[in-house]
Amino acid sequence: MSPRIRAVAGVAFMSVLLVLYFVFAGVRAVALLQSAEPIAIAMGVALLVLPLLGAWALVREIMFGFTSTKLVDALSEEGALPEELTDPEVTRGTVRDIADAAFPRYKEAAEADAADWRSYMRLGLVYDAAGDRKRARSAIRHAISLNRNEFRGIVPKN
């Protein structure tokens, strides 16, 4: 099974579990809201609000995954993925070392062309390969924003 199919299956499974949780929490929330006790009503409201926040976060993460995958596919079609990370000879254990060594070049490229989503997407992929998930997500979110602006014809201010 390919990594992409495993990831989609995992997201689908976790989404189904989260939806089941929302249903059960909603049923309990309605029961608490129907009571006459102020504390029970407050708990019922919390049980309604928290699943709504969870649903918002779930949709946001799914959209992030979908959009970032779309941009990686676009880079792949252009042959513009970080070549250090696409070498079939690279073993899983050395990817982080290779990404660490390649990082300065991709960071400079992103800083040199701040309006190019491709450079930020490559930077995000290198951050991810180096194990820096927080910066990877930030760079990829920036790439998504730049891509969206490019699609809309918006030119960023430097």
> Residue check, residue 31 against (1) assigned to a helix (DSSP H, G or I); (2) open to solvent by 70 Å² or more (accessible area, probe 1.4 Å), all met but one. Which one?
Replying inline: (2)
>> Can you confirm whether residue 140 is open to solvent by less than 60 Å² (accessible area, probe 1.4 Å) and at pLDDT 95 or above?
In response: yes
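Look at segment 1-58 and say how many of its residues are in contact with a Phe, Trp or Tyr (Cβ under 9 Å, 6 or more places away or on another chain) and closer than 20 Å to residue 70 by Cα. Please lay out each step first, then the result.
Residues of segment 1-58 that are in contact with a Phe, Trp or Tyr (Cβ under 9 Å, 6 or more places away or on another chain), as a first pass: 51-52, 54-55.
Narrowing the set further to residues that are closer than 20 Å to residue 70 by Cα leaves none.
Within segment 1-58, residues that are in contact with a Phe, Trp or Tyr (Cβ under 9 Å, 6 or more places away or on another chain) and closer than 20 Å to residue 70 by Cα number 0.
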> In segment 64-87, how many residues are open to solvent by less than 30 Å² (accessible area, probe 1.4 Å) and not in a helix (DSSP H, G or I)?
Replying inline: 2
> Does residue 1 satisfy the criteria of being closer than 30 Å to residue 118 by Cα, open to solvent by 70 Å² or more (accessible area, probe 1.4 Å) and not in a helix (DSSP H, G or I)?
Replying inline: yes
>> Name the residue that is farthest from residue 136 (Cα to Cα), counting only residues in segment 104-118 that are part of a helix (DSSP H, G or I) and free of Cβ contacts under 8 Å to residues at least 24 places away in the same chain.
In response: 112
> Just a yes or no: is a residue in segment 37-60 under 23 Å from residue 120 (Cα atoms), in a helix (DSSP H, G or I), open to solvent by less than 40 Å² (accessible area, probe 1.4 Å) and not hydroxyl-bearing (Ser, Thr, Tyr)?
Replying inline: no
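Across segment 104-125, which residue is least open to solvent (accessible area, probe 1.4 Å) among those that are within 16 Å of residue 86 (Cβ to Cβ) and over 15 Å from the mean Cα position of the chain (by Cα)?
Taking segment 104-125 first, the residues within 16 Å of residue 86 (Cβ to Cβ) are 105-106, 118, 121-125.
In the following step, the residues that additionally are over 15 Å from the mean Cα position of the chain (by Cα) were identified as 105-106, 118.
Values: 105: 115, 106: 15, 118: 60 Å².
Among those residues, the one meeting the criterion is 106.
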>> Pairs needed: first member in segment 25-51, of a type in the set (Lys, Arg); second member anywhere, open to solvent by less than 50 Å² (accessible area, probe 1.4 Å); C-beta distance under 6 Å; at least 6 residues apart or different chains.
In response: 28/47
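The values are calculated or read from the model by the stated rules, or taken from the named source; none is laboratory data. Keep in mind it's a predicted model, so treat the numbers as computed, not measured. Cβ: placed from backbone, ideal geometry, glycine included. Neighbour counts: every protein chain shown. For accessibility, only protein heavy atoms count, side chains too; no ligands or nucleic acids. Shrake-Rupley method; radii C 1.70, N 1.55, O 1.52, S 1.80 Å.
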